[in-house]
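Single-structure report; data block below.
The values are calculated or read from the model by the stated rules, or taken from the named source; none is laboratory data. Quick caveat: nothing in here was measured; it's all calculated off a predicted structure. Here the Cβ is made from the backbone with ideal geometry for all residues, glycine too, and neighbour counts use every protein chain on show. The protein model used for the area step is the full one, side chains on, heavy atoms only, and it has no ligands, DNA or RNA in it. Shrake-Rupley method; radii C 1.70, N 1.55, O 1.52, S 1.80 Å.
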Amino acid sequence: MNSTLVVEDLPDIRAWLVDTVRLAFPHTEVVAVGRCRDGIGEAAMRRFELALIDLELPDGNGVSVIQALRSHQPHAVSVVVTIHDDDEHLFP
């Protein structure tokens, strides 16, 4: 695993996710941002193998980050990290 994108607006959760990724994949570069637009920008500029993405972000929905990532890097694995457990939030 060379590079992981973390998109989470809550600083404590974002830090925990970064620490968890580094524990699981010690040699990976982790890029962590807190907004949709930053996640979309990173997806366009860098190559990621893994992305952990929150759905509820201050400037939009994490689904738009997943769509951008798939557009630029279809090989990347996206994992939704959210407190929501309903179909309306999870399946778009």
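Scoring 42-51, 13-22 by mean Cβ neighbours within 10 Å over their residues and listing the highest first yields 42-51, 13-22. With a simple spin-label model that places each label point 7 Å from the Cα along the Cα-to-Cβ direction, the separation between Ala44 and Ile13 comes to 2.6 nm.
Using only Cα atoms, figure out Rg for region 1-87 and give it as a multiple of 2.2 N^0.38 Å. Numbers along the way, then the final one.
Details: Rg = 11.7 Å, N = 87, 2.2 N^0.38 = 12.0 Å.
It is 0.98.
Computed over protein heavy atoms with a 1.4 Å probe, the carbon and sulfur contribution to the accessible area of the chain reaches 55%. Rolling a 1.4 Å probe over the heavy atoms of the protein chains gives the chain an accessible area of 59 Å² per residue.
If you take every residue apart from Leu57 with its C-beta less than 12 Å away from the C-beta of Leu57, what net charge results, scoring Lys and Arg +1 and Asp and Glu -1? Every neighbour counted, the sum reads -3.
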